[in-house]
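Notes follow the structure.
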2 protein chains.
Amino acid sequence: MADPTVRHMKWWGWGDEDVTFSDADKPKLWPYLKGELGLADDHRTPPVSFEEIDLPTAKTNAPFTTALEAVLEADQLSATKKDRLVHAAGKAFRDLFRLRRGQVDFAPDLVVYPASEEDVVAIVKAAHEHNAVLIPLGGGSNIAGCLDPKDRDNRFIVSLDMCRMNRVLEVDKKSLIARIQPGVYGPHMEEQLEAEGVTLGHFPDSFVHSTLGGWVATRSAGMQSDKYGKIEDMVIALRMVTPSGTIVTRTVPNSSNGIDVRRLCVGSEGILGVITELTMQVHRLPEYKVFEGWLFPDFESGVAAIHECMRMGIMPVITRLNDPGKTALSAAFKKPDTGLKAQISSALKWYLRTIKGFDFTQCCMMTTACEGDYDTFHQQRRESAYIFKRHRGVCLGEGPGRSFQEAKYDFPHVRDYLMDRGVMGDVSETATTWDNLLTLYTHTLQNIRQAIRDTGADPWVGCHISHNYHTGASLYFTFGCRQIEGRELDQYLYVKKAAEDSFMEHGGTVSHHHAVGSEHLPWIEADLSPTGVKAVAALKDGLDPKGVMNPGKIIPGEHPLAEWGLTEEAIQSFKKGN
Amino acid sequence: MADPTVRHMKWWGWGDEDVTFSDADKPKLWPYLKGELGLADDHRTPPVSFEEIDLPTAKTNAPFTTALEAVLEADQLSATKKDRLVHAAGKAFRDLFRLRRGQVDFAPDLVVYPASEEDVVAIVKAAHEHNAVLIPLGGGSNIAGCLDPKDRDNRFIVSLDMCRMNRVLEVDKKSLIARIQPGVYGPHMEEQLEAEGVTLGHFPDSFVHSTLGGWVATRSAGMQSDKYGKIEDMVIALRMVTPSGTIVTRTVPNSSNGIDVRRLCVGSEGILGVITELTMQVHRLPEYKVFEGWLFPDFESGVAAIHECMRMGIMPVITRLNDPGKTALSAAFKKPDTGLKAQISSALKWYLRTIKGFDFTQCCMMTTACEGDYDTFHQQRRESAYIFKRHRGVCLGEGPGRSFQEAKYDFPHVRDYLMDRGVMGDVSETATTWDNLLTLYTHTLQNIRQAIRDTGADPWVGCHISHNYHTGASLYFTFGCRQIEGRELDQYLYVKKAAEDSFMEHGGTVSHHHAVGSEHLPWIEADLSPTGVKAVAALKDGLDPKGVMNPGKIIPGEHPLAEWGLTEEAIQSFKKGN
């Protein structure tokens, strides 16, 4: 790769090749997990080595390749084993499970690195003319199966890696908009924006390893969405290359130009075309910013506190509320306290238990961040603190806030640690209205736990709230259990199904910010309604008549559950406890 | 009509049948207009009488009508002259011009009043099966030709009047959402919401005569959009009946469920289907609210003041800034001052001229409103006042605010007054970025003026800003001139074209909140890009394969300008001054 800013993640897990998650400084983590999940100390399930991987033989499509060679440089095309493997999957649980076992049944036949919109136009044209499948790829961090290199018709499959289109092209500091190429990774983009004194304000947990184009294509949400909005709220204009031409929308703050074409492209997950340029709303860098920790006696109090902040228009930029399960897991991540710090900690615990009457099994940790200019920052911090205290919140100061800030992009690494130890760990997230929130929370917690028990394992399930709206909030569930050997994928699908079924049953949505991809196909018709899916299919048929753009995503087949991989037999056998 | 809440506007103009715009209490108005436009006192061009109107003979479609009669009550169908005439057009300039002259070349063959979603489903099914054209209609106030009862294939045309679906069905006061039927008029809806202590916060100038469904179908903006957002920001979920089934989205604050199907329905102007239910975000009623007037020495200062409020996050809920032209027109609307009030007014003028150095030909009036609970209201008012003063604004107090508040829905009446006197008056509005705003403003003002002069008349052009965003604002141009007898429509189109051409040339959009309809078709391809239009057409083809839903709107034909009605000959003759 010519560009020093481009680093693909390790092919079998999260993060850079040379970064591994270690529990050396987290003495409580393994004992906690072992106790919760009934694990054995010596059970290790490491990934196979690169050398052990056998990729499927690359198909050929000479007319397509020839057409590309005429317009691209030699280093813009690659079919090396490493490149094909890195682009063979996203980071969904099933992706990693299979990769770690060396089960790579699908891989792109070619990886292409466009460097300009002209390159993309040529590639899309060649794919349309020569019936090659294109799978646009940003950071490759998607966990919903958006990047599956599969095709029902077994066509030649091309991974379209956007990583060389990574420049901030223009910043209009008066209008606070920036024209940005979609293949830029989070840190590289913020670095370029910061040089102009502005920020996009979009910091998803995947920030380090995901791209602007990926965020927009999947309707991502960053941890400061309460201030800056979800990514779709920030898109002022875009350019998207489709097999039927290039969509170009105008750089205007709003319009009444019929159906909002910009919004058709946002969230299209690569099934209509390739986003080649984004004009984004940006913000001046905040002068002040502080992260803090708060402890609430229970989840209900924390939720009520956030809701009141929202109603009063006093939202910090982050309010991430862990439920008791997630709070306990976070505590297990802590470095050991020593000396004075340990004593203060003991004193605080005494105070909370004795004076405030906290039950530590029900306690909920909340991380907050306030930011802004002097007035905004102080008002936000003062008034939100007042509301938190009214709901029995206790401020733990900036210490926990700093810990969160330091480790905020590390959480996705944990799954590798778990998978090294025969543990299934994954997430499912949704959103619902305030009135419905605790009902959905309680039922989903129960349903996931029961599903895990059905499979014969002890459940760990936790939840946090991290994106809040006038009318409701998102709920992010994390679950884990010991894997049942020989039935790991059936077990996973059975549990994941329990989570998504619960969302559908209790007034949630299929996903709040992880996309549909192929992993959420069994629920998309319930979410959008059958006619809603028809609308999406109509767009797809109209703009991509040969179906070369990322097939098999968003629009379900005729038997979504079976195509997803879960048989009625497997379901019944778990239900019966076999 | 059975329902007392349903009142159609007069067929030839704006407002209720029994309400007429009068200048009896506005002694300065006629002299001002006469002076600006070179008008004659005795030139009167009143509308023809109802009796003089000859409607085109109603076509028949027996299979369709029979299908409807099987499911609807007799009073839900009407083909009376009055009903057909009232539903023959919206309130675009051309609509009114033709109606007033008795030129009714197109009218629906039947008017249908559904009372439930089941009714709508039956009507849409019958239309699809028996090839009848449906034109969904809310208040009938649209001024962009969204309601034109025309069909290229000369099919049976049905106006689908939604006015009987006018109930607020449910208010969730915890989540602050309300489930509302789309045919409800603004005042009737707010009355039902107010009974629950909430408000939608959407107050377009057409408020009294337009409906929720119409607002959503056209991406309307209300005068308090700076606080409450544009109508599309308020839609939490919806139901829309299409010829391919009913789209139903889930009641969740946000989602990552692929392409946002909700957003495909918003702004679809009836070309995909009929909105039958809307779940809207609502707000608690504000405790405090005050309207005020401010005077700025020039337009630039006023724009800079608004922009700074936006950057500082201190936006009043209304900041409507008139340019010098619009300020002069507003002044001509004033009731005569008497006694003490006149003396104060003189003193204020002396102060502004002598002490503040205001040039009254350049002065710009701004109307503001602040609202909220005690803290929010006072902070908003205090801090915005501080910013306005920094930009040389002078507060005129609550008097002008009250005048605005009293007359805020009256402005659309003025056009009838003008058309009674042989004057063309219309509006074109757009939005652009802050950086581009004054450039677009200056050029568009010049371009409209020049176009009017080309037609041989003296121009009056004014502008106001009333919807503000982080990245830009909307610009609302009002223009008028003496009509050239015998060439009134060519003259109108020539001037309107100058405005829209200028938007396209100078970084604006085709419309900020008036929709595309048929009146903006010549510019929609420039606005959405040809591939963007293809995307809309793909949706239309997929959901409405027989093209029965409101044909001829949003998607342009092959020769949009000619189909619009303006010939190259007419353009050239004006350019040459003939």
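Couple of notes before you dig in:
- Residue among B:LEU176, B:LEU200 that alone is farther than 30 Å from B:THR65 by Cβ and more than 25 Å from the chain's Cα centre (by Cα): B:LEU176
- Of all residues making up segment A:234-257, the number that are in contact (Cβ under 8 Å) with a residue 24 or more places away in the chain and over 17 Å from A:VAL274 (Cβ atoms): 3
- For the residues A:ALA451, A:ALA473, the requirement of being farther than 30 Å from A:ASP41 by Cα and not β-branched (Val, Ile, Thr) singles out A:ALA473.
- Listed by first and then second residue, the pairs linking a residue in segment A:68-91 that is over 13 Å from A:ALA107 (Cβ atoms) and in contact (Cβ under 8 Å) with a residue 24 or more places away in the chain to a residue that is surrounded by 15 or more Cβ atoms within 10 Å (Cβ to Cβ) and basic (Lys, Arg), with Cβ atoms under 9 Å apart and 6 or more places separating them unless they lie on different chains, are A:GLN76/A:ARG164; A:LYS91/A:ARG415.
- Set side by side, the residues A:GLY258, A:GLY201 differ, and just one is over 30 Å from B:ALA144 (Cβ atoms) and either assigned to a helix (DSSP H, G or I) or touching a Gly at 6+ places or on another chain (Cβ under 8 Å) (or both), which is A:GLY201.
- From A:ASP95, A:ASP75, A:ASP83, A:ASP42, residue being modelled with pLDDT under 95, of a type in the set (Asp, Glu) and either at negative phi or more than 28 Å from the chain's Cα centre (by Cα) (or both): A:ASP42
- If you check B:VAL423, B:VAL427, B:VAL414 for being within 14 Å of chain A (Cβ to nearest Cβ), β-branched (Val, Ile, Thr) and surrounded by fewer than 24 Cβ atoms within 10 Å (Cβ to Cβ), only one passes: B:VAL427.
- Single residue of B:LEU147, B:LEU137 found to be crowded, with 23+ Cβ neighbours inside 10 Å, in contact with a Ser or Thr (Cβ under 6 Å, 6 or more places away or on another chain), in contact (Cβ under 8 Å) with a residue 24 or more places away in the chain and not aromatic (Phe, Trp, Tyr): B:LEU137
- Of all residue pairs spaced 6 or more apart or on separate chains, those with beta-carbon atoms under 6 Å, a first member in segment B:539-559 that is within 19 Å of B:ARG263 (Cβ to Cβ) and a second member that is surrounded by fewer than 19 Cβ atoms within 10 Å (Cβ to Cβ) are B:ILE555/B:ALA537.
- Segment A:243-266 - residue that is among the charged types (D, E, K, R) and facing chain B (nearest Cβ under 7 Å) and, of those, farthest from B:ILE231 (Cα to Cα): A:ARG250
- For segment A:485-493, the condition holds for no residue, the condition being that it is of a type in the set (A, V, I, L, M, F, W, C), at negative phi and either in contact with a strand residue (DSSP E or B) (Cβ under 7 Å, 6 or more places away or on another chain) or within 14 Å of chain B (Cβ to nearest Cβ) (or both).
- Filtering segment B:381-400 to residues that are crowded, with 17+ Cβ neighbours inside 10 Å and over 24 Å from B:SER330 (Cβ atoms) leaves only B:GLU383.
- For segment B:444-487, residues that are among the basic types (Lys, Arg) and part of a helix (DSSP H, G or I) total 2.
- Per-region count, segment A:451-484, residues away from chain B (no Cβ under 14 Å) and more than 15 Å from A:THR430 (Cβ to Cβ): 15
- Residue within segment A:451-462 that is out of contact with any strand residue (DSSP E or B) (no Cβ under 8 Å at 6 or more places or on another chain), of a type in the set (D, E, K, R) and farther than 30 Å from A:MET312 by Cβ present: yes
- Restricted to segment B:296-406, the set of helices (runs of 4 or more DSSP H) holding at least 3 residues that are within 14 Å of chain A (Cβ to nearest Cβ) comprises B:299-312, B:374-390.
- Filtering A:ARG449, A:ARG390 for residues that are in contact (Cβ under 8 Å) with a residue 40 or more places away in the chain and of a type in the set (Lys, Arg) leaves a single hit, A:ARG390.
- When restricted to residues that are polar (S, T, N, Q) and closer than 21 Å to A:VAL516 by Cβ, segment A:454-500 contains 3.
- Looking across B:PHE97, B:PHE106, B:PHE50, one residue alone is touching a Pro at 6+ places or on another chain (Cβ under 7 Å) and of a type in the set (A, V, I, L, M, F, W, C). It is B:PHE106.
- Among the residues here, A:ASN436 does not qualify as closer than 23 Å to A:ALA305 by Cα and buried (at least 22 other Cβ atoms within 10 Å of the Cβ).
- 3 or more residues away from chain B (no Cβ under 14 Å): qualifying helices (runs of 4 or more DSSP H) within segment A:513-578: A:560-564, A:568-575
- Some residue of segment A:36-45 being hydrophobic (A, V, I, L, M, F, W, C) and touching a Pro at 6+ places or on another chain (Cβ under 7 Å): no
- Residues of segment A:228-244 satisfying the condition of being outside any loop (DSSP other than H, G, I, E, B) and either within 22 Å of A:GLY542 (Cα to Cα) or modelled with pLDDT under 95 (or both): A:ALA237, A:LEU238, A:ARG239, A:MET240, A:VAL241, A:THR242
- Residue within segment A:9-30 that is exposed (fewer than 14 other Cβ atoms within 10 Å of the Cβ), modelled with pLDDT of 95 or more and under 30 Å from A:MET165 (Cβ atoms) present: no
- Top-ranked residue in segment B:267-295 [being away from chain A (no Cβ under 13 Å) and of a type in the set (D, E, K, R); ranked as surrounded by the most Cβ atoms within 10 Å (Cβ to Cβ)]: B:GLU292
- Of all residues making up segment A:151-176, the number that are within 14 Å of chain B (Cβ to nearest Cβ) and in a loop (DSSP other than H, G, I, E, B): 4
- Checked against the criterion of being among the aliphatic types (A, V, I, L, M) and touching a strand residue (DSSP E or B) at 6+ places or on another chain (Cβ under 8 Å), the candidates A:LEU99, A:LEU110 yield just one match: A:LEU110.
The values are calculated or read from the model by the stated rules, or taken from the named source; none is laboratory data. Here the structure is a predicted model, which means the values were calculated and not measured. Cβ sites come from the backbone with ideal geometry, for glycine too, and all protein chains shown count toward neighbours.
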